[in-house]
Amino acid sequence: MSSFNSIVSLEEARRVAIFGGTHGNEMSGVTLVNLWVKNGAEIQRKGVETKPFITNPKAVEKCARYVDTDLNRAFTPENLSAPQGDNQPYEVQRAQEINGIFGPKGSPDAYDVIFDLHNTTSNMGCTLILESSKDHFNLQMMNYIKKAIAPSSCLVLLNEHPLLKYSTSRSIAKHPVGLEVGPQPQGVLRSNIFEAMRVILKHALDFIELFNEGMEFPSCTVEVFRVLERIDYPRDANGNIIAMVHPNLQDCDWEPLNPGDPMFQTFDGKTIRFQGSGTVYPTFINEAAYYEKQQAFVTTRRESLVASSIRKV
Ligand SMILES: CC(=O)N[C@@H](CC(=O)O)C(=O)O
Ligand SMILES: [Zn+2]
């Protein structure tokens, strides 16, 4: 489809939203968005209207991930088209409201870009999460951010998996971007994590401004980590967890895991090893919010994607 010498013409990205508090206990996004609601000077760019928005205010108030159900799984076609009513879970009602303001999902009226700010308890550093390998605007944005923050680094997690992909809050935008920074405990603010998130967003908004001004971004390649598989904790017949993440794997997000490498450690000290067929790159290792989702970590594969040259129409 795309080649190195064809230029893709894209609409300007005039309407941009920054979501915080999609999970009410992930404090960097909650705090930054609250700050920018009070004073948005920092996120203003020429030719761009940027709206900071707390997506799950009830969860923020309780400092909980969610009240009834995970808002970042709630933007399904079924939920968004369900009849409105108070008998729906709070987050489903909220998803409908948000879709009304920033969507409708999949329509020309939807916001151009939505950044959704998250924190993880995993040692992932700065991670940008994409949902499509064919979104050349987002791929160019990733390339821009990676170059701008060097020698610091940020990695790109691509979740395009037919079964593991979920219906995120940001998915109502034409160009959805997740920003996941860790490690930070739930309900806690750490200055290094807060500042790292802020810097990524600054560069992301700079990119949008330059694009809207007519700058052409030449074709490039972007390294991404593609979601492959969800790995659960070992369990007994009653479903109770019988092992922890192995100390050799704990905090080693993005480092290669090879067949035979230690993966879990049982409570009586036995090592359970990885039995894959080749090298994978685990991430979201021991994320607190994923115990309820039966996920100890996710495996990924490293890939190089080609971003076409882009400029505005
Ligand atoms: C720890 C956490 O909440 N992570 C996010 C990742 C994402 O935004 O795609 C989630 O599961 O919704
Ligand atoms: Zn989150």
Checklist outcome for this item: Among Pro162, Pro183, the single one that is out of contact with any helix residue (DSSP H, G or I) (no Cβ under 6 Å at 6 or more places or on another chain) and more than 15 Å from ligand 1 (Cβ to nearest atom) is Pro162
Next on the checklist: Taking the conditions exactly as written (at pLDDT 95 or above, among the basic types (Lys, Arg) and surrounded by fewer than 22 Cβ atoms within 10 Å (Cβ to Cβ)), does Arg94 satisfy them or not?
Outcome noted: no
Checklist entry - Where in the stretch 1-82 are there helices (runs of 4 or more DSSP H), lying wholly inside it, with at least 2 residues that are in contact with a Ser or Thr (Cβ under 9 Å, 6 or more places away or on another chain) and either under 19 Å from Tyr111 (Cα atoms) or within 14 Å of ligand 1 (Cβ to nearest atom) (or both)? => result 27-38, 77-81
Checklist entry - Since Glu209 meets every condition but one in (1) assigned to a helix (DSSP H, G or I); (2) touching an Asp or Glu at 6+ places or on another chain (Cβ under 7 Å), which condition does it not meet? => result (2)
Checklist entry - Does the stretch 272-299 hold any residues that are within 13 Å of ligand 1 (Cβ to nearest atom) and among the hydroxyl-bearing types (Ser, Thr, Tyr), and which are they? => result Thr283, Tyr290, Tyr291
Next on the checklist: With the requirement that a residue be part of a helix (DSSP H, G or I), of a type in the set (A, V, I, L, M, F, W, C) and closer than 22 Å to Arg301 by Cβ, what does the stretch 142-180 give you?
Outcome noted: Met142, Ile145
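Residue-by-condition table, conditions (1) crowded, with 20+ Cβ neighbours inside 10 Å; (2) modelled with pLDDT of 95 or more; (3) within 29 Å of Gly100 (Cβ to Cβ); (4) within 16 Å of ligand 2 (Cβ to nearest atom):
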site	(1), (2), (3), (4)
Asp135	no, yes, yes, no
Asn138	yes, yes, yes, no
Lys147	no, yes, no, no
Pro151	no, yes, no, no
Leu155	yes, yes, no, no
His161	no, yes, yes, no
Tyr166	no, yes, yes, yes
Ser169	yes, yes, yes, yes
Pro176	yes, yes, yes, yes
Checklist entry - Looking only at residues in the stretch 69-87 that are surrounded by 13 or more Cβ atoms within 10 Å (Cβ to Cβ) and away from ligand 2 (no atom under 16 Å from the Cβ), which one is modelled with the lowest pLDDT? => result Ala82
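State yes or no: is Arg198 of a type outside the set (Val, Ile, Thr), assigned to a helix (DSSP H, G or I) and crowded, with 20+ Cβ neighbours inside 10 Å?
No.
Determine whether Pro262 is more than 16 Å from ligand 1 (Cβ to nearest atom) and either more than 19 Å from the chain's Cα centre (by Cα) or not assigned by the TED database to the domain that holds Leu158 (or both).
yes
The values are calculated or read from the model by the stated rules, or taken from the named source; none is laboratory data. Here the structure is a predicted model, which means the values were calculated and not measured. Backbone-built Cβ (ideal geometry, glycine too); neighbour counts: all protein chains shown.
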